[in-house]
1. In region 207-292, if every C-alpha pair distance is counted and binned at 5 Å from zero, what percent goes to each bin?
2. Structure shown: which of K154/K231; K192/K303; K61/K200 lie over 29 Å apart, alpha-carbon to alpha-carbon?
3. Just to confirm, what accessible area per residue do you get for the chain at 1.4 Å probe, in whole Å²?
4. Within region 103-203, list the GluC sites (Glu not before Pro) lying in a DSSP loop whose Cβ has at most 16 other Cβ atoms in a 10 Å radius.
5. Return the inverse of the average 1/r over all pairs of distinct C-alpha atoms in region 276-354, which is the Kirkwood hydrodynamic radius, in Å to one decimal.
6. For the chain, state the average projected area of the convex hull of the C-alpha atoms over all orientations, rounded to one decimal in nm².
7. Enumerate the lysines that K152 could reach by cross-link, defined here as Cα to Cα under 20 Å, with residues fewer than 8 away along the same chain left out.
8. Under a straight-distance cross-link criterion of Cα-Cα below 18 Å, which lysines are reachable from K62, leaving out those fewer than 8 residues away in the same chain?
Amino acid sequence: MALTAGIVGLPNVGKSTLFNAITQAGAESANYPFCTIDPNVGIVEVPDHRLQKLTELVQPKKTVPTTFEFTDIAGIVKGASKGEGLGNKFLSHIRQVDAICQVVRCFEDENITHVAGKVDPIEDIEVINLELILADLESVDKRIARVAKMAKQKDKEAMYEHDILVRLKEALENELPARTVEFTEEEMRVVKMMHLLTTKPVLYVANVGEDEVADTSDNKYVQQVREFAAKDNAEVIVVCAKIESEIAELEGEEKAEFLAELGIAESGLDQLIRAAYNLIGLATYFTAGVQEVRAWTFVQGMKAPQCAGIIHSDFERGFIRAETVAYEDLLAAGNMVAAREAGKVRLEGKEYVVQDGDVIHFRFNV
């Protein structure tokens with residue numbers, strides 16, 4: 001899939017600590033021999049209880065989870081859109097990701113200096129958002145200058161695009177991200193060609209202190225971030241980056257015991273992986289046989305032949321049918337034979353839109 005979420009944040013908010021936890025918890029490279037992992041890319045396994053249940057059901061020789069990529073984005077300071085600090089590097093990196101995970105400091109610590117001299121998560125968010133908006137505004141202004149000349153000559157395509165650009169400019173000048181502007185499906189095709197930074201979906205990562213990870217009800221900063229995110233229709237994931245670094249070094253029972261001691265059901269990193277995965281519009285289907293039970297990532301809306309092609313191009317090229325059963329139906333039946341007898345196994349054709357949780361056996365002929 002090669003889709004990735006970028007981790008951004010101001011200095012000393014915990015961004016690097018969180019990314020280090022991601023790389024520590026990284027997928028076993030032996031399972032993915034053809035992956036080239038850049039220094040600023042962390043590949044993690046996507047936590048999915050369904051994979052474990054299918055493994056118990058089928059008892060295969062091996063189980064392979066699907067993976068997801070996080071990209072560590074160069075640090076940002078006020079003025080990045082004008083090239084301040086590592087601004088240009090920040091903007092070029094963020095153009096290459098599909099979603100933004102913005103780490104926000106929600107803890108007090110006199111030993112860790114805040115870049116602005118005080119802890120203010122909303123101001124931190126607004127600094128980054130404004131830099132992205134200013135960069136987009138510059139792109140839109142340049143495009144308007146080019147398109148306006150053709151629009152004056154009554155060029156229909158130019159006039160159509162000019163109208164879209166003017167609406168974008170108005171929003172950006174009011175310090176609103178491009179994703180807040182409502183467009184039709186046809187108009188969105190024009191918008192997407194501009195690769196604007198503020199069209200990317202966002203989630204906020206509230207980094208809290210070690211003593212607050214189980215209960216943030218008294219943390220005023222987390223509440224502020226949640227209120228801000230609600231206006232942006234964005235999700236908030238609460239983590240303690242420092243603790244995540246410790247959790248990332250543990251496995252199995254050790255990890256479960258440590259989480260129980262902290263009073264939390266699952267790590268913040270697992271929650272973040274799932275949230276970022278869903279934010280980009282990714283979903284999972286499974287293949288299940290005695291040799292291997294495996295999870296596969298696909299983009300929501302993909303049809304059966306495209307999903308078959310994720311396994312191998314020959315599967316897509318010679319696609320015949322997809323023998324499909326929903327995960328819940330297979331689990332209820334107990335095995336594939338019983339699911340088939342209950343009429344839960346379907347033969348789907350080329351127009352079938354694969355659903356999250358489908359367990360599929362592809363039939364193909366090359």
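1. 3, 12, 19, 19, 17, 15, 9, 4, 2, 1, 0
2. Numbers: K154/K231 39 Å; K192/K303 22 Å; K61/K200 40 Å.
Distance filter (> 29 Å) returns K154/K231; K61/K200.
3. Values: 19060 Å² over 366 residues.
Result: 52 Å² of accessible area for each residue.
4. Details: sites: E108, E110, E123, E126, E131, E138, E157, E161, E170, E173, E175, E182, E185, E186, E187; in loops: E108, E110, E175, E182.
Counting only loop positions with at most 16 other Cβ atoms within 10 Å, the GluC sites (Glu not before Pro) in region 103-203 are E108, E110, E175, E182.
5. Details: mean 1/r = 0.0741 Å⁻¹.
Taking every pair of different Cα atoms in region 276-354, averaging 1/r and inverting gives 13.5 Å.
6. Projected area, direction-averaged: 21.8 nm².
7. In chain and number order, the partners are K142, K169.
8. Straight-line reach from K62, under 18 Å: K53.
The values are calculated or read from the model by the stated rules, or taken from the named source; none is laboratory data. Owing to the predicted nature of the structure, the values given are computational and were not obtained by experimental measurement. Please note: Cβ atoms are built from the backbone with ideal geometry, for glycine as well, and neighbour counts cover all protein chains shown. Quick note on the areas: whole protein, heavy atoms, side chains included, nothing else; ligands and nucleic acids left out. Shrake-Rupley method; radii C 1.70, N 1.55, O 1.52, S 1.80 Å.
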